[in-house]
1. Could you calculate the FRET efficiency of residue 151 with residue 239 from 1/(1 + (r/R0)^6), where r is the beta carbon distance between them and R0 is 35 Å, rounded to 0.05?
2. Add +1 for every Lys or Arg and -1 for every Asp or Glu among the other residues with Cβ under 14 Å from the Cβ of residue 26, and state the total.
3. Hey, rough spin-label estimate for residue 38 and residue 124, points 7 angstrom out along Cα→Cβ, what's it come to in nanometres?
4. Rank these for me by crowding, 71, 15, going from fewest to most other beta carbons within 10 Å.
5. To make sure I understand, if each residue's beta carbon is the centre and we count other beta carbons within 10 Å, what order do 195, 69 fall in, fewest to most?
6. What net charge do the residues around residue 176 carry, taking every other residue with its C-beta under 15 Å from that of residue 176, with Lys and Arg at +1 and Asp and Glu at -1?
7. Among rounded, prolate and oblate, which fits segment 81-161 when a ≥ b ≥ c are the square roots of the eigenvalues of its C-alpha gyration tensor, a/c under 1.5 means rounded, and a/b larger than b/c means prolate?
8. In whole angstrom, note down how far apart the Cα centers of segment 213-233 and segment 65-87 are.
Amino acid sequence: MKHRAQNRKQWLTRRDTLDRMKRHRAELDRRHLTERDVTWARHRQEFAVLMETTKQAADNARNHASDQYRRRWRMLYAAQRKETHHVANRATHIFERAVYVFVNSDRLGNGKPLSMRRKLQLILSPRKLDDAVGRMHRRERNALAQVHKADAHELVERAWRAHEPRFEALKIRHAAERTTERSRQAEVTRRSVGYLRAKNELILERQHGRPVRMAADAPPFETDADYVARIRAEIEAFHERQRRPDTPKREPFQPPMPVSLDPPTNDAAPPSPALPFNQTASPPVSDRAAEIRRDMEQWRWKNPGRDFGREM
């Protein structure tokens, strides 16, 4: 049997029915997008609360380490002050310096005994002895700071490891909730969007006086195809905002245009076509203040936060 093509009325009816089906799907997509956005905001809030709890635990661990080492720091600074006072004010005689150098030879040599030549230099020169004692004290403070930092790092790592199962459980639960939500929304779309429903709606609107289906924020005379295009554009804009980083991208610095610093000459310039025949174009004059401002802007861009209040 030869194929029988549809007439124009049937083709228009089918097109309007398909547009109405697309409208139903777009309405559901818009509603489902709002639901997913609410779910995502709730998930982010839960993650932020857990992250804040973990950071608070890490801060407590650092404070605990600081409390443990506070007494050791006080004892170290008190001993160093006492030793500095003894070397500067009491060990003024060469014999007293000799006793101090021989007793503290390992400390002054950073774990290795000083050579006899180095011992003689410290004994004979009070300034060199003061410098050696200052370096020894800095090494002791650095050593204690490294131990303090290592212990604090270990306590912080314990706090993070203790919270890792909670992060993993939260991640699994959020993924399961999003999967369930997507499945439910897909089922709602499958049950709600159909050719027969769209066709019946059009028949009720055109033959039985039902009000035409219009969105609350729709412009005048908006068709189903126009509504679908508008909703698709809104959804695409929403996804674009979600993909956009929180902080704006920094624009690269544009180098200033080169300025000619050649001194003006006494030679007359050729007549300019933009000036009258009895006038000539004056040679370019460099603006020194504008050049300095451009150099300062370039320096501030390369060295952020290092002006120290000396900006002109």
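A short reminder: the numbers here are calculations on the coordinates, not readings from a lab. No experiment lies behind these values; they were computed from the predicted model shown. Reconstructed Cβ throughout: ideal geometry from the backbone, glycine too, with neighbour counts over all protein chains shown.
1. Working: r = 47 Å, r/R0 = 1.34.
That gives a FRET efficiency of 0.15.
2. Details: positive: 20, 22, 23, 25, 30, 31, 213, 230, 232; negative: 19, 27, 29, 217, 222, 224, 226, 234, 236.
Taking every Cβ under 14 Å from that of residue 26, the sum is 0.
3. So the two model labels end up 8.8 nm from each other.
4. Numbers: 71 9, 15 12.
Least crowded to most crowded, the residues run 71, 15.
5. Numbers: 195 12, 69 18.
Taking fewest neighbouring Cβ atoms as first place, the list is 195, 69.
6. Details: positive: 36, 42, 171, 173, 178, 182, 184; negative: 46, 168, 177, 181.
Here the count lands on +3.
7. Numbers: a/c = 4.24, a/b = 2.63, b/c = 1.61.
Prolate shape, in that a/c is at least 1.5 and a/b is the bigger ratio.
8. One Cα centre to the other: 76 Å.
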